[in-house]
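One structure is given here, and the rest of the page talks about it.
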Amino acid sequence: MSDKNPEKDTKTVKSEKKMRDIMTAYYIDAKTARQNNKKVAWITSGGPVEPLIAMDIIPVYPENHGAMIGASKMGIDLCEKAEAMGYSSDLCSYARADISCATVNGGPIGGLPAPDMLVCCNNICGTVMKWYEVQARYFQVPLFIYDTPFLHTEYSPEIKRYAKRQMEEYISFLEGVTGRKMGRDRMMEVGRISYAGSQLWQEVLDTAVSKPSPMTAFDAFFHLALIVTLRGTQQSVDYYRGLLAEMQERAKAGIGAIPGEKYRLLWDNLPIWYRMKWLAEKFAEHDACLVADTYTSAWCGSMQYIDVHDFIGSAAEAYTRSYLNLGVEKMARIVLGMIDKYDIDGIVMHSNRSCKPYSFGQFDIQKIVERERGIPSLLIEADMVDERSFSESQVETRIDAFIEMIRENKVAGR
Amino acid sequence: MLTIGIDIGSVTAKGVLMSDGALLAAKSCFTGYNAEQAARSVYEGLLEGNHLTKTQVKGIVATGYGRNSVPFADKAVTEIMCHAVGANHLKPDVRAVIDIGGQDSKAILLGERGKVLNFIMNDKCAAGTGRFLEVMARALEVDLDAFGSMSEKADYAAPISSLCAVFAESEVVSLIAKGEKRENIIAGIHAAIGSRVAAMAGRLFVGGAASLMMTGGVARNVGVVQALEKALRHSVDVSPHAQIMGAIGAARLAQAA
């Protein structure tokens, strides 16, 4: 839409450059860890990272790396390599890309630094357990599995005891690998910073309640990187404080991420990393703003269970209650809450071939949302990294028709 | 007011000429590899066949997969809305449409005046599409147009359980090898499509719709229509204009474009 180009400048978020600089410095630190006598731990995206930070271990996230591989459109090559190694094409594309990348040091940053240990928390899926076992064998390093039982219904006393006990086991594991004791005061401090970071991230996302919204979910997918990778560091707190100020300013000045925002949509599931630009432009062309998503809010969604005065004692519960570790009924409640909060006109669901725990309940959530709020939803079949699962013309027709329908609904005055 | 609707599908390009809602003429051709060329061909065919000049036609709307490849159209609208408007135009009490086209199938719930209330499309798979039938016709060495009448002569529907077009084709080949009658295999293929599409449409509760219409090129196949009726446990209307329903809807929308 060439007529919208003059307004392109209002879209530029100043913090973007700062983010790129921080991420570059972070990966340089991680890749030179050995020279600086630092240890590297690979950890799952939803795992409790704070003890690592407290012990000065550099956390590295294969999932964040997977997102980078997807965004750089290097997914097919690495997925095919993994398939040639004998992994099924039905396996998660993050896992496939990571497993093959480790053997060739490929991808956009020449591979991740080799780990000294692996920390796997299964509050996001079950695949990570086998994936991390594969990598533990490949790199010959110790693996800690933090097992968070799936919350079909309630957080029972048994689950509570079981999850909490593992936090102490986790700390002993880290102390064993590093040969150092963890400073409990330092841990308290990191817990406090982590909480502050999550709170700021929630506030950043909350600015999208403004009409027009100062940011889209595509912006959130980008700015998410620090709350995932540098949670618990002062750097992330400072960054989100700056981003929040910028977003609040835009909201106050009435600057929308989508000039002439007409429709407010909610995104569900992981981004389609290799099609972010295309999708962003597609929705913008229809004056539709994806104002919120269930994905980026997962890094602040359960922080109410954190007690900053007893981080170690309370973190297990917050991590066990993560979005993807909840039964469909609870997920639907969260989606309904977001619909009300952000005043949503429709939901765009990415049925992600890679992510079964995220995609499995979508039909049910669709039904619940339709029944309780009368909000339509659209299902797009794709994959977060493996481009072979994406069909442009099919997705385009679905989006176009979905917007036509929402437009008609709005005209009719719902 | 003369309007034209052009529906560029994955297999067939369809065009209709209408005058204030009355269907005057229709034209179609294979889409081939050049969607724009196919659109021009039906457009010019309609003009020449009816001795019209371009300026006499007051509105053109394009739809279908090639809708954005029609530079002379005033507007592009998705086939979901066009099939809904077309079905409503021919039968105002229609409340659900099932459209099976060359490369996808859709179920659409309609409100009054053809308003789209909700829709659903097949997942990324050839099962339940016209393409699936084409592959099977080739495997059976039968002209696809004969599928409908042949399936009516079947003793029973030979079971085809696979949802994948490639796997289903090999199932068909093994049924042929076992000496199964072609008619029975074809009935089995129709039953497979019927249950596949019904399962998808079931998510929209089309069974609750008072009046249900099937559109798209596959609706010409009476075997699929009957299989769908059986799977849905609901009668299915088919208009003689089923294949050009999207183009009719587009021409109707062109009146307002």
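Can you list the lysines whose alpha carbon is less than 25 Å from that of B:K181, not counting same-chain residues fewer than 8 positions off? Excluding near neighbours in sequence, the set is B:K153, B:K230. Once you have a ≥ b ≥ c as the square roots of the Cα gyration tensor eigenvalues for the stretch B:93-238, tell me rounded if a/c is under 1.5, and otherwise prolate or oblate according to whether a/b is larger than b/c. Because a/c hits 1.5 or more and a/b exceeds b/c, the stretch B:93-238 counts as prolate.
The angle between the Cα long axis of helix B:182-202 and the main principal axis of chain B comes to about 60°, on a 0 to 90 degree scale. Note on A:400-407: average number of Cβ atoms from other chains within 10 Å of each residue's Cβ is 6.
In this structure, the amide hydrogen of B:T12, modeled 1.01 Å from its nitrogen in the peptide plane, lies closer than 5 angstrom to those of B:T31, counting only residues at least 5 positions away or on a different chain.
Solvent exposure of A:E189, expressed as accessible area, is near 70 Å², computed with a probe of 1.4 Å over the protein chains only. In this simple spin-label approximation, A:K341 and B:D20 carry label points 7 Å from Cα along the Cα→Cβ vector, and these lie 5.5 nm apart.
If you take all other residues with their beta carbon under 14 Å from the beta carbon of A:A30, and give Lys and Arg +1 and Asp and Glu -1, the sum is +1. With a 1.4 Å probe rolled over the protein heavy atoms of all chains, the accessible area of A:K81, A:K18 falls in the order A:K18, A:K81, largest first.
For the protein assembly as shown, a simple Cβ point-charge model (Lys and Arg +1, Asp and Glu -1, everything else neutral) yields a dipole of about 460 debye relative to the Cα centre.
What does the structure give for A:364-371 when I average, per residue, the other chain Cβ atoms found within 10 Å of the residue Cβ? Let's see the in-between values first.
On the way: counts 0, 0, 3, 2, 0, 0, 2, 0.
Per residue, the number of nearby Cβ atoms from other chains is 1 on average.
For each pair in A:K73/A:K252; A:K73/A:K367; A:K39/A:K277; B:K14/B:K178; A:K356/B:K91; B:K27/B:K106, compute the distance between the two Cα atoms and list the pairs where it is over 31 Å. Pairs exceeding 31 Å: A:K73/A:K252; A:K73/A:K367; A:K39/A:K277; B:K14/B:K178; A:K356/B:K91.
Which angle from 0 to 90°, rounded to the nearest 10, does the C-alpha axis of helix B:130-140 make with the longest principal axis of chain B? Taking the Cα atoms of chain B, the angle to B:130-140 is about 40 degrees. Think of it as helices only: each DSSP H run of n ≥ 4 in the protein assembly as shown is worth -39500 (n - 2.57), and spread over all residues that comes to -15000 deg cm²/dmol at 222 nm. What a 1.4 Å probe finds exposed on the stretch B:93-238 is 53% carbon and sulfur by accessible area, rounded to a whole percent.
Rounded to the nearest 0.05, what FRET efficiency do A:V134 and A:S172 give with R0 = 35 Å and r taken as the Cβ-Cβ distance? Could you check? Can you show the working numbers first?
Working: r = 25 Å, r/R0 = 0.70.
Given R0 = 35 Å and the Cβ-Cβ separation, E is 0.90.
Only helices reaching 20 angstrom along their own axis (Cα) with mean Kyte-Doolittle hydropathy no lower than -0.5 count here, and for the DSSP H runs of chain A these are A:328-342, A:392-412. For the stretch A:218-299, rounded, prolate or oblate, judged on the Cα gyration tensor with a ≥ b ≥ c (square roots of eigenvalues), a/c < 1.5 rounded, else prolate if a/b > b/c? Oblate, since a/c reaches 1.5 and b/c is not below a/b.
Order A:R321, B:R252, A:R137 by their accessible area, 1.4 angstrom probe, all chains in place, largest first.
Working: A:R321 50, B:R252 80, A:R137 155 Å².
Heavy-atom accessible area, descending, gives A:R137, B:R252, A:R321.
Measuring between their Cα centroids, the stretch A:266-310 and the stretch B:13-47 lie 43 Å from each other. Accessible area of B:R40 (1.4 Å probe, protein heavy atoms only, ligands and nucleic acids ignored): about 70 Å².
Counts of other chain beta carbons within 10 angstrom of each beta carbon in peptide B:66-72 average 1. In summary, the aspartates and glutamates within cross-link reach of A:K14, defined as a Cα separation below 19 angstrom excluding same-chain residues under 8 places away, comprise A:E203, A:D206, A:D219, A:D238, A:E246, A:E249. The lysines within cross-link reach of A:K160, meaning a Cα-to-Cα straight distance under 19 Å and a gap of 8 or more places when in the same chain, are A:K330.
Ligands, DNA and RNA are left out, and with a 1.4 angstrom probe the accessible area of the stretch A:257-402 is 32 Å² per residue. If the segment from A:K17 to A:N105 were pulled out straight at 0.36 nm per residue, it would be longer than the present Cα-Cα gap by 29.0 nm. For chain B, the longest principal axis of the C-alpha atoms and the axis of helix B:245-254 are separated by about 20°.
The values are calculated or read from the model by the stated rules, or taken from the named source; none is laboratory data. It should be emphasised that the depicted structure is a prediction, and the values quoted were computed from it without experimental measurement. Heads up, the Cβs are rebuilt from the backbone with ideal geometry, glycines too, and the neighbour counts pull from every protein chain shown. Heads up: the accessible areas ignore ligands, DNA and RNA and are worked out on the full protein's heavy atoms, side chains in. Shrake-Rupley method; radii C 1.70, N 1.55, O 1.52, S 1.80 Å.
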